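Beneath this line is the structure, given in structure tokens, with notes to follow.
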Amino acid sequence: MPDWLALLHKAVEGRTKAAVARELGVSRPSVSLLLAGRYPGRTDHMAARVLAVYGRIACPHLSADITTAQCRSMSGPVPTSSPAAIRHWRACQACPHRPSTTPSTDGGN
């Protein structure tokens with residue numbers, strides 16, 4: 001089972017498929033079909049959504065696990081809100097987990 005599918009199964013434990021679907025921004029039937037292994041389309045986009053919402057990264061600066069969305073948010077412009085946020089941003093600039101911020105030039109293909 002791929003990592004993203006294991007994350008999806010874990011997300012549904014003790015919750016409704018509809019709640020997970022809302023968090024992912026997809027339909028409840030899509031979640032059901034993915035979990036049953038009967039999703040009719042390509043799963044790469046769904047896998048990316050699941051990893052973005054439920055994936056975790058070990059942040060060396062915070063010494064804690066954070067979501068990929070939280071990690072990505074620190075890769076943006078320099079924060080001006082606080083000295084701690086600036087220190088975190090600086091640490092992220094040299095982090096091996098830092099997501100690419102270069103826009104795609106191939107039209108998303």
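Coordinate-derived values only; no laboratory data. Note that the coordinates shown come from a computational prediction; the quantities given were computed from them, not determined experimentally. Don't worry about glycine lacking a Cβ; one is built from the backbone with ideal geometry, like all the others, and counts go over all protein chains shown.
Would you calculate, for the chain, the mean residue ellipticity at 222 nm contributed by helices, counting each DSSP H stretch of 4 or more residues as -39,500 (n - 2.57) and dividing by all residues, to the nearest 500?
Mean residue ellipticity, 222 nm, calculated: -14500 deg cm²/dmol.
Measure out, as a whole number of angstrom, how far apart the alpha-carbon centroids of the range 46-69 and the range 71-98 sit.
What the calculation gives is 15 Å, centre to centre.
Give, in nm to one decimal, the length gained when the segment between Ala18 and Leu35 is fully stretched (0.36 nm per residue of separation minus the Cα-Cα distance).
Answer, rounded to one decimal: 4.8 nm.
To test your reading of the geometry: what angle, between 0 and 90 degrees and rounded to tens, separates the Cα axis of helix 3-12 from the longest principal axis of the chain?
Once rounded, one gets 70 degrees.
Between the helical axis of 83-93 and the dominant principal axis of the chain, each derived from Cα atoms, what acute angle in degrees is found, rounded to the nearest 10?
Result, in degrees: 70.
Quick check: from the Cα gyration tensor, does the range 1-54 come out rounded (a/c under 1.5), prolate or oblate?
rounded
Once both axes come from the Cα atoms, what is the angle between helix 44-54 and the longest principal axis of the chain, in degrees from 0 to 90, rounded to 10?
It works out to around 60 degrees.
What is the extension gain from Arg42 to Cys95, computed as 0.36 nm multiplied by their sequence separation minus the C-alpha to C-alpha distance, in nm to one decimal?
The Arg42-Cys95 span can extend by a further 16.0 nm.
Using only the Cα atoms of the chain, build the gyration tensor, take square roots of its eigenvalues as a ≥ b ≥ c, and label the shape rounded, prolate or oblate: rounded if a/c is under 1.5, else prolate if a/b is larger than b/c, else oblate.
Prolate is the answer for the chain, as a/c is 1.5 or above and a/b outweighs b/c.
What list do you get for Thr80, Thr16 if you sort them by fewest beta carbons within 10 Å?
Fewest-to-most Cβ neighbours within 10 Å comes out as Thr80, Thr16.
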